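To start, the structure itself, in structure tokens.
The values are calculated or read from the model by the stated rules, or taken from the named source; none is laboratory data. Values in this document were obtained by computation on a predicted structure and should not be read as measured data. Because the Cβ atoms are built from the backbone with ideal geometry, glycine has one as well, and the counts that use them run over all protein chains shown.
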Amino acid sequence: MLHKFKDIQNTSIDAVTDIYHVRFNILLLAPEQLRDDLSIIASQLSTDLALPISKQSELEKNYKLLTVKSRITKEYCIFEIKLPLISRDVYKISKLMTIPKQLGENMV
């Protein structure tokens, strides 16, 4: 029983440490819940925005993109979870021009 409490304590400390470093911890949002929430978010996005990863099989890549901040009130602990969105705008580059740069005595 004490071993179980020790595991819970270590897991909680890991989660708090990740949150302190603005990294997402999988304990905050289960993969099934993330998948459901992402589908809700995707359905409400405007046509010029998209989720960075659309394939459900690449769900673990979404976890790496998530950032989290926390706030504590008297009654609640609130987690703000952010996922960057990408623009669907397509830009056409019609002409590239190199700009010379001096590196030591050489021009690059």
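Overview of values
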{"read-out": "Search result, residues across the range 51-108 that are surrounded by 10 or more Cβ atoms within 10 Å (Cβ to Cβ), of a type in the set (A, V, I, L, M, F, W, C) and either touching a Gly at 6+ places or on another chain (Cβ under 9 Å) or part of a strand (DSSP E or B) (or both)", "value": "68, 79, 81, 86"}
{"read-out": "Matching option when the condition is surrounded by 12 or more Cβ atoms within 10 Å (Cβ to Cβ) and either free of Cβ contacts under 8 Å to residues at least 40 places away in the same chain or touching a Cys at 6+ places or on another chain (Cβ under 8 Å) (or both), among 30, 42", "value": "42"}
{"read-out": "Those residues of the range 67-82 which are over 16 Å from residue 21 (Cα atoms), touching a strand residue (DSSP E or B) at 6+ places or on another chain (Cβ under 8 Å) and not β-branched (Val, Ile, Thr), in sequence order", "value": "77"}
{"read-out": "Members of the range 18-54 found to be at pLDDT 85 or above, within 16 Å of residue 65 (Cβ to Cβ) and acidic (Asp, Glu), listed by number", "value": "37"}
{"read-out": "Matching residues, the range 85-108, being closer than 30 Å to residue 17 by Cβ and touching a Pro at 6+ places or on another chain (Cβ under 6 Å)", "value": "86"}
{"read-out": "Filter result (within 13 Å of the chain's Cα centre (by Cα) and part of a helix (DSSP H, G or I)) within the range 21-50", "value": "34, 38"}
